[in-house]
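Peer 1: My questions all concern the structure below.
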């Protein structure tokens, strides 16, 4: 999909930005993987801006990503948690961090979307991972993109 998605029936002129936020890690590789995922997802189109963010520990922060969306002309910012389940980050931390970021951008509204689970496609993903690892361990398939070169997917 290309173009801007409407923020709702009451304001079809709004330009939406998306901030996909993970927890953030001390492991640089984990942070880069998240940022690469977001860059790939951005290519799907449909939103004025799509930015990665880490809730804590490293940049870009939610505030930095929120500001990038606003700089791109967004009038609505969706904070999309890259977390499996609802918890205190979704209940408390993300709304507080988003409100703090929005306070610097008068007239820009935001919402915090639901986390990934429970979603029916997650069960399929788990099944696919298990099947691929079993096939690799049995010598019938190569390593998946995550395990490639690590030697992790093997019988012990």
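The values are calculated or read from the model by the stated rules, or taken from the named source; none is laboratory data. Being a predicted model, the structure only gives us computed values, none of them experimental. Backbone-built Cβ (ideal geometry, glycine too); neighbour counts: all protein chains shown.
Peer 1: From the set of residues in segment 36-64 that are in a helix (DSSP H, G or I) and in contact with a helix residue (DSSP H, G or I) (Cβ under 6 Å, 6 or more places away or on another chain), which is farthest from residue 22 (Cα to Cα)?
Peer 2: It comes out as 63.
Peer 1: Of the conditions (1) at pLDDT 95 or above; (2) surrounded by fewer than 19 Cβ atoms within 10 Å (Cβ to Cβ); (3) farther than 24 Å from residue 145 by Cα; (4) in contact with a strand residue (DSSP E or B) (Cβ under 7 Å, 6 or more places away or on another chain), residue 14 satisfies every one except a single condition; which number is it?
Peer 2: (1)
Peer 1: Here's a follow-up. Would you tally the residues in segment 137-151 being assigned to a loop (DSSP other than H, G, I, E, B) and more than 25 Å from the chain's Cα centre (by Cα)?
Peer 2: Total meeting the criteria: 7.
Peer 1: Scan segment 97-136 residue by residue and report those that are part of a helix (DSSP H, G or I), without any contact (Cβ under 8 Å) to a residue 12 or more places away in the chain and surrounded by 11 or more Cβ atoms within 10 Å (Cβ to Cβ).
Peer 2: Passing the criteria: 99, 123, 125, 128, 131, 134, 135.
Peer 1: So in segment 65-90, with the set limited to residues that are more than 15 Å from the chain's Cα centre (by Cα) and part of a helix (DSSP H, G or I), which one is nearest to residue 112 (Cα to Cα)?
Peer 2: Per the stated criteria, the residue is 88.
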